[in-house]
C-alpha cells in the first residue's frame, strides 16, 4: 500500500515555514491594533447563501470554485472562499449595526477549488481588515495606509507597487456599464463564451477576463474615468490627496475593477513582480452596498485581504529561531532533579529542552542542533553540592551555580 498523501491543493506547513507565516500574522495583528482594528474570527463554513448573495451567481468563485456540501438537514454549507461576506454576516446576525463604526482584523484559512499555483493552494490563508460604517474617503485612506504599514513591517513594501482606481458611485457605474454593453455587443462574436454570458448580467467582469482574445478587446474598451460624475471625481481626488499626504506612492490603473454591484469608489491592489503571474499580494476596495445586498441595513464598508503564503514568500529575512536552554542530566540519579528544574524554568518564562534519553555527548549534540544558547548540566558532583554547571554554548565558558540561583543566572540568556 502506498503512503498516504495530502489532498491535492493542500500541504503541510512545517515549522520553518510556519514561523514565517506566524511572523506575517503577528506583525499584521500588532500593526492593525495600532490603527484600532481588533481581531475577530468567523466560522470556516457558512450557509451557501452567504456567498451566493455576495459573490453573485455569475462569478467564477460561485460557479466553479466553492466547496459546497449538503447537510443531513438538507441545508447547503460552503467552506469560506473569502472572509468579507462572513464579516458582513456577523454584523447582521450579531446585531452590531448600532455599534458602528467597527474595525476588524482577521487571519485564517480560505478554500477555493481551483488549479493550485504559486502562493495559492486550494486551502490558503489570508489576513484581512474591514472598516464598517465610515462613508468618507478617510476610511479608504486609512485602510490603504494600514496595508502599506504592514507590508513595510514585513520588509516587503519596497518590492510592491500600489495600483489604484475608482469605480465611482451607482450613477457612474450604470453609465459605464451601459457603455461597456454597447462596446462589447459590437464585438460579441470575438468574446469568449464566459464573457458572452457576462455581457448582459455583469459586463465589468469581462475586464477581469484572462482569455487572450478578451484581453485584446478590453484594451480598446471605454475607460471608467470618462463616466465619473462630479461626486465620484471629488471622492477619488480626496483619496489620492490623502495618500500623497501620507507619502504612499500609487499608480493609476483604469482597468482595475471589482465586478460586483455593491463595490464602489476605491479599488486598489499592492502588486509585485517577484512572484511570477501571481502579482497581487494585498487587494481590496469599498463595498458600500454589501450589507444591504445580504438583507441588512445600508452600511458603508471598505476592506482588503492579503495572502499569507505570498507575503511570507516575499520576506527577505527569516524570523529569528528561539534559542532554548538545554537541561542535561548526567546519570540516572539526576533525572528527577532535571525534570523538576526544567519545569521551574519553563514557568519562569524560559524555553527549555530536556533530552529524553542518551548519554551526555548525544544530548549535547542535540542541544547544538537546536541552537541552544546555554546548557545546564546536572551531574553527581553538582547534585552533591546542590548546584548546576551552566555552560555558555557560544563562548564555551562555564560556571558552577547554586540550584536556587539558576533561574536568576540564566536571565542573561533570555
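Readers should treat all values here as calculations from the given coordinates under stated rules, not as data from a laboratory. As the structure is a computational prediction, the values presented were derived from the model and not from experiment. Methodologically, a virtual Cβ is constructed for each residue, glycine included, from the backbone with ideal geometry; neighbour enumeration extends over all protein chains shown.
Computed quantities for the displayed model
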item	result
Alpha-carbon Debye profile of region 1-56, log10 I(q)/I(0) at 0.20 Å⁻¹	-0.98
Extended-chain gain in nm, criterion 0.36 nm per residue less alpha-carbon gap, residue 411 and residue 136	93.9 nm
Region 25-51 residues near the modelled residue 77 label - backbone nitrogen below 15 Å, point 7 Å along Cα→Cβ	42-51
Ranked 167, 243, criterion: other C-beta atoms within 10 Å, fewest first	243, 167
Convex hull volume per residue in cubic angstrom - Cα atoms of region 301-387	147 Å³
Average Cα contact separation per residue, the chain, under 8 Å, 6 or more apart, as relative contact order %	15 percent
Residue among 84, 334, 266 with the largest mean-square fluctuation in a Gaussian network model of the chain, springs linking Cα atoms under 10 Å	334
q = 0.16, 0.24, 0.27 Å⁻¹, region 192-257: log10 I(q)/I(0) [Debye, one scatterer per Cα]	-0.69, -1.02, -1.15
Global form of region 159-205, assessed from the alpha-carbon gyration tensor, a/c cut-off 1.5	oblate
Sequence ranges 101-109, 285-293, 343-351, 5-13, ranked by mean other-Cβ count within 10 angstrom, highest first	285-293, 101-109, 343-351, 5-13
Simple label model, 7 Å out from Cα along Cβ direction - residue 170 to residue 404, nm	7.8 nm
Where labels lie 7 Å past Cα in the beta-carbon direction, separation of residue 190 and residue 98 in nm	5.8 nm
Debye intensity ratio I(q)/I(0), log10, region 215-296, q values 0.10, 0.14, 0.16 Å⁻¹ (C-alpha model)	-0.32, -0.63, -0.82
Gyration tensor (alpha-carbon) shape descriptor, region 14-167, a/c threshold 1.5	oblate
Segment residue 22-residue 230, extension gain: residue separation times 0.36 nm, minus the distance between their alpha carbons	70.4 nm
Förster-model FRET efficiency, 22 Å R0, residue 69 and residue 10, C-beta, rounded to 0.05	0.85
Highest-MSF residue in the chain out of 175, 85, 267 [GNM, Cα springs under 10 Å]	175
Packing rank of 207-218, 313-324, where each peptide gets the mean count of other beta carbons within 10 Å, highest leading	207-218, 313-324
Choice from 282, 252, 311 with maximal GNM fluctuation in the chain (Cα, 10 Å cutoff)	252
Computed helical MRE - 222 nm, the chain, DSSP H runs ≥ 4 contributing -39500 (n - 2.57), nearest 500	-10500 deg cm²/dmol
Likely footprinting exposure, 149, 409, fewest C-beta neighbours within 10 Å first	409, 149
Inter-label distance, nm, simple model (7 Å from Cα along the C-beta direction), residue 210/residue 247	3.8 nm
Extension gain (nm, one decimal) between residue 368 and residue 2, 0.36 nm per residue minus Cα-Cα	128.2 nm
Pairs of alpha carbons in the chain whose separation is greater than 33 Å (percent)	47 percent
